[in-house]
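Shown next, in structure tokens, is the structure this report addresses.
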Amino acid sequence: MTKVCMLAVQHCAKDDRIFYKEALSLKKHGFDVYYLHGAEPDGSIVDLGGNILNSNGEKEIEIDGIKIIGIPHAKGLIQKTLNKMNQSDFYKEIIKVGIGLNADVYHAHEPQSLYIAQKIEENIKTKVIYDAHEPWINAHKKDALLRTILLPKLKYLISANQITRGDLVFHNHKIKSEVVYNCSSSDVFFPEFNQEKLKTPIIVHEGSMKFDRGLKEIIEVIKYLKPKHPAIKFKIVGETYNEESAYLLSKIKEYALEDNIFETGWLTYENVGNELKNCSIGLITNTSIERNTLAGPANKFFNYLTYGIACVAVDLPETTALLRDTKSGITIQERSIKKLSEAIDTLLTDKNRLSTYCKKAFDAYQKYNWKNEEKKLITFYKHTVLGEKGIQFH
């Protein structure tokens with residue numbers, strides 16, 4: 001049985017892409033899957049919400065057949081300083097444990113874990129895949145140095161979008177690569193489209209609502225549209241925190257929007273779909289900063305498709321390309337109150353247009369779903385990385 005070791009420094013044990021999608025898919029197709037990652041400094045292995053999964057302090061746990069090993073992150077000034085140079089006890093231990101696993105493939109999910117994987121590769125015969133969830137931006141000198149050292153040695157690349165793949169392949173044209181979108185999995189998100197929800201449309205934002213995701217603008221939009229649409233509803237599927245939470249609550253009270261804006265609070269990954277399925281208009285309102293422009297499409301875009309939710313999105317390349325392909329929503333050139341209001345008002349007023357977009361979204365799910373992306377993942381593993389066959393039929 002082929003052994004695969006997922007490697008991550010900054011992602012939690014039940015990350016949606018690493019655990020729920022890739023690891024479980026590989027396990028389903030007969031791979032022996034381990035997930036070696038950075039645990040909390042006290043050794044706690046946690047999920048997306050910070051809930052502890054190893055309540056008895058185990059270093060290794062098994063969930064749905066995936067063996068999860070947590071290596072405690074650096075703590076203390078000296079170790080944290082050494083960590084910045086990849087010389088801490090954390091790095092030494094995770095490399096040691098990784099070598100001991102003697103996996104056939106090490107699947108790294110950040111530049112830091114790619115460094116670890118390549119250190120392991122220096123000691124044993126194995127294959128290394130880098131899975132670029134986001135663009136590799138040289139935000140710090142360390143990022144630039146890691147890219148200079150690691151990228152020339154990389155042979156196999158999986159990316160969550162075309163832009164990131166293009167950038168990395170441009171700088172190392174020998175890389176074998178595949179794009180695997182973060183589409184929703186029907187094992188967790190059960191596809192459903194009920195046209196009754198169009199009679200009383202609910203606007204939704206999936207994920208934590210932050211200032212850089214348009215919190216201030218959206219509140220103003222709801223306030224602006226309420227006189228024309230008194231029953232307007234906006235749901236945050238997730239939770240706001242700290243300063244954003246205080247701001248949200250103060251504005252709801254100031255503008256008397258208690259009947260118009262709702263927040264579910266933090267949800268387990270498995271429960272997100274239940275809150276999305278009765279919504280009709282989904283928002284993607286990230287700022288047009290470098291990381292957002294080069295990244296995407298947002299995971300929420302694919303989750304919106306799963307439940308036939310029309311999308312209103314700021315013009316970011318990957319998301320706009322998919323909106324053009326699926327014809328399931330509206331792109332706005334700037335994240336302004338005026339443009340957001342116009343787009344949302346159009347959909348609330350023109351129910352035929354809203355219905356068309358929602359149907360197109362649900363139709364697009366037949367193409368953009370994890371079952372199809374899983375095929376790409378497994379094919380890349382078997383044909384490209386492991387080379388089980390010299391030719392591949394498409």
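The numbers here are math on the coordinates, done by the rules we state, and not lab data. Predicted model, so just to flag it, every value in this text is computed and none were measured. Heads up, the Cβs are rebuilt from the backbone with ideal geometry, glycines too, and the neighbour counts pull from every protein chain shown.
Just how many % of Cα pairs in region 2-160 lie over 26 Å apart, if you round to the nearest whole percent?
Beyond 26 Å sits 21 percent of the P(r) for region 2-160.
Kindly state, to the nearest 0.05, the FRET efficiency for residue 96 paired with residue 137, given R0 = 22 Å and r defined as their beta-carbon distance.
Values: r = 30 Å, r/R0 = 1.36.
For R0 = 22 Å, the calculated efficiency reads 0.15.
Within region 92-127, find all residues whose amide N lies under 16 Å from a label point positioned 7 Å from the Cα of residue 149 along Cα-to-beta-carbon.
Residues 92-96, 110-123 qualify, since their backbone N sits under 16 Å from the label point.
Step through the table entries 359/382; 27/210; 21/176; 21/360; 21/233; 80/141, compare each Cα-Cα distance with 27 Å, and write down the pairs that go over it. List each step's numbers first, then the result.
Numbers: 359/382 36 Å; 27/210 35 Å; 21/176 21 Å; 21/360 24 Å; 21/233 32 Å; 80/141 17 Å.
From 359/382; 27/210; 21/176; 21/360; 21/233; 80/141, over 27 Å: 359/382; 27/210; 21/233.
Among 73, 130, 392, whose Cα lies farthest out toward the positive end of the dipole of the chain, if unit charges sit on the beta carbon of Lys, Arg (+1) and Asp, Glu (-1)?
Farthest along the dipole direction, towards plus: 392.
Simple spin-label model, 7 Å along Cα-to-Cβ: residue 208 to residue 287 in nm?
1.6
With Cβ to Cβ distances under 9 Å as the rule, what net charge do the other residues near residue 175 carry (K, R +1; D, E -1)?
Once all neighbours under 9 Å are counted, the net charge is +4.
Measuring from the lowest to the highest alpha carbon on each principal axis, how far does region 195-364 reach, largest first, in angstroms?
Reported extents, whole Å, longest axis first: 40, 37, 34.
Could you check the simple spin-label distance between residue 392 and residue 78, using points 7 Å along Cα→Cβ, in nm with one decimal?
4.9
Would you please put 104-113, 20-29, 161-170 in order of how densely packed they are, using the mean number of other Cβ atoms within 10 angstrom per residue and starting with the highest?
Values: 104-113: 23.8, 20-29: 20.7, 161-170: 17.2.
Per-residue Cβ counts within 10 Å, averaged per peptide and sorted highest first, yield 104-113, 20-29, 161-170.
Quote the relative contact order of the chain in percent (integer), defining contacts as alpha-carbon pairs under 8 Å separated by 6+ residues.
Relative contact order of the chain: 13 percent.
Calculate, in nm to one decimal, what residue 58 and residue 169 gain on full extension: separation in residues at 0.36 nm each, minus their alpha carbon distance.
Stretched out fully, the residue 58 to residue 169 stretch lengthens by 36.0 nm.
Report the far tail of the P(r) of region 275-354, meaning the percent of Cα-Cα pairs longer than 17 Å.
Taking all Cα-Cα pairs of region 275-354, the fraction more than 17 Å apart is 42 percent.
What percent do you get for the relative contact order of region 195-339 when only Cα pairs under 8 Å and 6+ apart count?
Worked out over region 195-339, it gives 26 percent.
How many nm is it between the label spots at residue 355 and residue 371, if each spot is 7 Å from the Cα in line with the beta carbon?
2.7
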